[in-house]
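J.: Pasting a structure here, questions to come.
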Amino acid sequence: MADMTERGKILIVDDEKAVRTAINRRLTRAGHTCTEAADAKGLIDRIKEDQPQLVILDIKMPGRSGNELLPEIIASFPGTAVVMATAVADPNVIVECMRGGAQDYIMKPFDLEYVAQIVDKALEKRKLEQDIKEFQEGLQAEVEHQRKETQKLFLNSIESLVFALEAKDKYTAGHSRRVAYIAVAIGEKLDISGDELDNIRLGALLHDTGKIAVDHSIMNKPGRLTEDEYRHVMAHASIGAGIVKPVVNQQILDIIIHHHDFYNGKGYDQHISGDQIPLGAKIIAVADSYDAMTSDRPYRIALTGEQGVNEILRCSGTQFDPAIAQAFHQVHLSGIE
Ligand SMILES: [Fe+2]
């Protein structure tokens, strides 16, 4: 059995020198590398320094007892196995130690052959636990990787569908990509970064996914929409959120649902206002409106960039969040067309 076991670095903690020496000799003979400590003083630092695979920990020592030290060792060094050593045949103390994470225990006076066997067994168990942990971590990483790949593929398909839909129509070709570009520029101006900025970019790319379900002739109707037609067009926000729901997070869904909300709460079928509206949705509202205004429509020709910005600023505080309208103004001044 001994030959099958990994040879380990073992720290023997016992206040009796004779005990430490006897265990040290026996375990060294078995191929382990042993170090010794006489009490609890500086033990945590010692473990940090020596990084033993296993600690033989005497329960009864001057100063802090082994069972007092055990929780600290288990918490600080989860990869280190602990075998308790005791002369006290108190089953409660032993049970408490085993519950607290000790791998095993040995009773004094020691049978050194038995000690060697217990050490081998504890090292084997520790190795097995580590292998299982590594395997599980590897598996989790692989599952997460696959999940992200599948999500990416699905999102790419939806984006392609939106781009194809927009490309069919000269008035909307490239709209979502431009909105994403402007929204990210505004986000950066507002010091947004990381996941939040990614959500805004993706929300912008997908904000009009629901237009797949909107009647093309209504969307491009020259002239005023009837109330029913307007309701039909505006449903694209919630329909789009429903389509992408299985693969995006709640922040992106909220951005899509609220991208036509007015800052003052007076947008179509709107129940929230101001800071209740997700920041990403308010940013996309500005980027979306600017791009729509500066693109030709069947019912009007495009505004110039400057006219578009002035329109955004005119509607600051009513349709648009003033801070975002200002940030967009600055982005425009520094060069977005
Ligand atoms: Fe929209």
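The values are calculated or read from the model by the stated rules, or taken from the named source; none is laboratory data. Computed from a predicted model, the values in this text were never measured in an experiment. So basically every Cβ, Gly included, is an ideal-geometry build from the backbone, and we count neighbours across all protein chains shown.
J.: Give the residues of region 245-276 that are in contact (Cβ under 8 Å) with a residue 40 or more places away in the chain, within 19 Å of A323 (Cβ to Cβ) and within 14 Å of the ligand (Cβ to nearest atom), sorted by residue number.
T.: Correct list: I255, H259, F262, G267.
J.: Hey, another quick one. Working carefully through the options L197, L161, L253, L202, find the one that is touching a helix residue (DSSP H, G or I) at 6+ places or on another chain (Cβ under 9 Å), part of a helix (DSSP H, G or I), more than 18 Å from S289 (Cβ to Cβ) and not assigned by TED's automatic domain parsing to the domain that holds A325.
T.: After applying the criteria, what remains is L161.
J.: Residues being of a type outside the set (A, V, I, L, M) and farther than 19 Å from L112 by Cβ: count how many of those fall in region 15-47.
T.: 5
J.: Evaluate region 209-218: report whether one residue or more is assigned by TED's automatic domain parsing to the domain that holds L279 and either acidic (D, E) or in contact (Cβ under 8 Å) with a residue 60 or more places away in the chain (or both).
T.: The answer is yes; a qualifying residue exists.
J.: Based on what the data block shows, is A302 in contact with a helix residue (DSSP H, G or I) (Cβ under 9 Å, 6 or more places away or on another chain), of a type in the set (G, A, S) and at pLDDT 95 or above?
T.: no
J.: Go through (1) surrounded by fewer than 17 Cβ atoms within 10 Å (Cβ to Cβ); (2) under 13 Å from I23 (Cβ atoms) for V95 and report which single condition fails.
T.: (2)
J.: L279 - would you say it is more than 15 Å from the ligand (Cβ to nearest atom), modelled with pLDDT of 95 or more and of a type outside the set (G, A, S)?
T.: yes
J.: A further question on this structure: Within region 287-297, restricting attention to residues that are touching a residue at least 60 places away in the same chain (Cβ under 8 Å) and within 16 Å of the ligand (Cβ to nearest atom), which residue is nearest to I182 (Cα to Cα)?
T.: Result: A287.
J.: While we're looking at this one, here's another question. May I ask you to list the residues in region 164-186 that are closer than 25 Å to R300 by Cβ, modelled with pLDDT of 85 or more and part of a helix (DSSP H, G or I)?
T.: Residues satisfying the conditions are H175, S176, R177, R178, V179, A180, Y181, I182, A183, I186.
J.: Next question. Among the residues of region 208-244, what is the count of those that are more than 11 Å from the ligand (Cβ to nearest atom), surrounded by 13 or more Cβ atoms within 10 Å (Cβ to Cβ), outside any loop (DSSP other than H, G, I, E, B) and of a type in the set (D, E, K, R)?
T.: So the answer is 1.
J.: Please tell me if T86 is touching a strand residue (DSSP E or B) at 6+ places or on another chain (Cβ under 7 Å) and exposed (fewer than 13 other Cβ atoms within 10 Å of the Cβ).
T.: The answer is no for T86.
J.: Within region 306-317, can one find any residue that is within 14 Å of the ligand (Cβ to nearest atom), out of contact with any strand residue (DSSP E or B) (no Cβ under 7 Å at 6 or more places or on another chain) and under 26 Å from M219 (Cβ atoms)?
T.: No, region 306-317 contains no residue that is within 14 Å of the ligand (Cβ to nearest atom), out of contact with any strand residue (DSSP E or B) (no Cβ under 7 Å at 6 or more places or on another chain) and under 26 Å from M219 (Cβ atoms).
J.: Would region 298-320 turn up any residue that is in contact (Cβ under 8 Å) with a residue 40 or more places away in the chain, assigned by TED's automatic domain parsing to the domain that holds G174, among the hydroxyl-bearing types (S, T, Y) and closer than 30 Å to S160 by Cβ?
T.: yes
J.: Something else now. Does region 187-198 contain any residue that is within 16 Å of the ligand (Cβ to nearest atom) and touching a residue at least 12 places away in the same chain (Cβ under 8 Å)?
T.: For region 187-198, residues within 16 Å of the ligand (Cβ to nearest atom) and touching a residue at least 12 places away in the same chain (Cβ under 8 Å): absent.
Yes or no, residue by residue, for (1) touching a residue at least 60 places away in the same chain (Cβ under 8 Å); (2) basic (K, R); (3) loosely packed, with under 14 Cβ neighbours inside 10 Å:
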| position | (1), (2), (3) |
| --- | --- |
| R29 | no, yes, yes |
| A40 | no, no, no |
| I73 | no, no, no |
| G79 | no, no, yes |
